Every structure is written in structure tokens, then in C-alpha cells.
1. Where Lys and Arg each count +1 and Asp and Glu each count -1, what net charge lies around Gln160 among other residues with Cβ under 12 Å from its Cβ?
2. Please compute the contact order of segment 22-161 in relative form: average sequence separation of alpha-carbon pairs under 8 Å and at least six residues apart, divided by the residue count, as a percent.
3. Work out the FRET efficiency for Tyr110 and Ser163 from their Cβ-Cβ distance, taking R0 = 22 Å, and round it to the nearest 0.05.
4. R0 = 30 Å: FRET efficiency of Lys99 with Ser56, Cβ-based, nearest 0.05?
5. Which of the trypsin sites (Lys or Arg not before Pro) found in segment 41-122 are in a DSSP loop and have at most 16 neighbouring Cβ atoms, other than their own, within 10 Å?
6. Counting Lys and Arg as +1 and Asp and Glu as -1, what is the net charge of the other residues whose Cβ lies under 15 Å from the Cβ of Phe36?
7. State the extension gain, in nm to one decimal, for the chain segment bounded by Asn153 and Leu77, taking 0.36 nm per residue of separation less the distance between their alpha-carbons.
8. Quick check: net charge around Gly106, other residues with Cβ under 11 Å of its Cβ, Lys/Arg +1 and Asp/Glu -1?
Amino acid sequence: MRKLTIILILLGTSLYQCEEKPVYPDVPIINYESFFLYISTNNLNQEVLTGKLNFSFTDGDGNIGFEPWPDTFAIGLPDTQRYNLFLQMYDLEDNEFVKVPEEDGGYLKYIIPYLDKQPLSGTISVTIEYPIIRYDTIFYTFFLYDREYNRSNIDTTNVQILSGIELNN
């Protein structure tokens, strides 16, 4: 009876270990989940319009994210070696969406922290603060790079209407 119990435990353990891992391509894939706005309070106790972007991702070789670098090390490196998540804002002007220029805050760059697990899947949340509401109706396109500089697909948020939002500052 004791041998049978040990055999059943070993058999159960080996079956558990044989569970197949999902297979994802080595190029990251992102999938938009949500983008919503809310009013929050910043460190200066001022109301700030805040956006929260959530998206899922997969990466077969699990090489998403960068190790933190000292600020001085990154000077002179191209953006794709300093950042790995990029968002482009579009604004509605004369019934047509146009890119908001980088100098006007339309091109955002973020660093996803170092992740290393094969295969890799999860959800990333990005917080965007709007201390001044300049635009009426916006959406973002976004993509990411892995450490081998494989660029993911480009995904798009839903449209957000900012007109009528009042901040008490």
C-alpha cells in the first residue's frame, strides 16, 4: 500500500511537470485592454487629470525590459536603446485626427523594467498625467521593443473626450 502511494505521488508529480508551456513568437505581441481617465491629486496637492493605459503582452524568449541605467550612461544613446515603450498621441482637429508633436507632449517614452522568463506573458499598466488639458479629443497608438530590438505590433487606444473636464487648481 505504501509503495502504491509513493508511485501515485511520483506519477502525479511527473504529470504536473509535463504540463506544456504556451508557445509564443519571439517578437513581442501587445493587445490593448483599456484606457480610462480619472482625476487624482499630485505631490503638490493639485488636481491632475490622469490616464491609465492597460495592455497585455506575450514574448516567447522573455526578453522584455531594461536593467536600470544611471542617467549619465544613457546620454547620447538612441531612444530605442534608452526606452522600450512608445506612445504617440493623436488629437482631433477639424474632424481629423493628427499627430501631436513630441515638443507638445505627443510622443511619450517609457522604460519597462527588466523581465526574464520564458515564455513571458502579462499585463502592463502605464499612468499618464495631464496637469494642463490642452486637447479636446485624443487617442494613442503604442508599441514596445524587446532587448533584441524586435518591435511589437502597434495597437491603438479608444478615443477619449477631454472637453468639459475641470481641474480645481
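1. Details: positive: Lys52; negative: Asp91, Asp136.
Summing Lys and Arg as +1 and Asp and Glu as -1 gives -1.
2. Details: 304 pairs, mean separation 47.7, N = 140.
Relative contact order here is 34 percent.
3. Calculated transfer efficiency: 0.25.
4. Values: r = 25 Å, r/R0 = 0.84.
E between Lys99 and Ser56, to the nearest 0.05, is 0.75.
5. Working: sites: Lys52, Arg82, Lys99, Lys109, Lys117; in loops: Lys117.
Passing sites in segment 41-122 are Lys117.
6. Values: positive: Lys52; negative: Glu33, Glu129.
Cβ neighbours under 15 Å give a net charge of -1.
7. Details: separation 76, 0.36 × 76 = 27.36 nm, distance 2.33 nm.
That pair, Asn153 and Leu77, stretches by 25.0 nm at full extension.
8. Details: positive: Lys99, Arg134; negative: Asp91, Glu102, Glu103, Asp104.
Every neighbour counted, the sum reads -2.
Values in this text are rule-based calculations from the coordinates and carry no lab data. Computed from a predicted structure; not experimentally measured. Cβ: placed from backbone, ideal geometry, glycine included. Neighbour counts: every protein chain shown.
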